[in-house]
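Scroll down for the structure; my scribbles are underneath it.
Read-outs throughout are calculated quantities, based only on the coordinates presented, and are distinct from any laboratory measurement. Computed from a predicted model, the values in this text were never measured in an experiment. Note that each Cβ is placed from the backbone with ideal geometry, even for glycine, and that neighbours are counted across all protein chains shown.
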Amino acid sequence: MSTMENTQYLTASVTIDRAPERVLAAVLDVRGWWTENLIGHSAAVGDEFVFTDDAAYPGETSRAKEGIRFCRFRITEVSPTRVAWHAVDCEMTFIEDRHEWRDTDVIIDLTPVDRGTELRLTHVGLTAESECFEACSRGWSFYVRTSIPQLVTTGAGQPIPRYPDADGAGGAAPSETRA
């Protein structure tokens, strides 16, 4: 399958100085690079998971700030060179079309290169005309170019921190750089 190099869709890429198998393991560890608050499973075809970008109010992003209240993904492909998720449903509070990600696909292609592995994320369905394109591009770029490589090379990415426990312990609010 093509890696969609000449696509009009939102794309972010990075080369990581590690073997594809190691990069794939990190990509499948969504809690390790995107959000510790993932609900469900994200490693096998048929798995479903729910993402929210909030760290303060479980399932209530709009109470804390505008953002991705939730997005439910279904894993549609997992191979040594590709991982694909289909956005089954979503609600985004920072744009007018609150369901803009619905029926889009996130494709992560892994290509062995001399210096390790090229990772290319393409969010099929999001174009420059999409309302969230700029903010989503900043977010995906951060996770692809910073969090995933850190997870691969150091064992610790920069995911959205876990919700506070009943006693208030837990992660801090996400940084502003993670749109």
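Here are the numbers for the structure shown:
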item	result
Distance (nanometres) between label positions extended 7 Å along Cα→Cβ at A156 and T111	3.3 nm
For peptides 81-90, 28-37, sequence by mean Cβ density within 10 Å, most packed first	28-37, 81-90
Extension gain (nm, one decimal) between R31 and A44, 0.36 nm per residue minus Cα-Cα	3.2 nm
Protection-proxy order for peptides 16-22, 148-154, each taking the mean of Cβ atoms within 10 Å per residue, highest first	148-154, 16-22
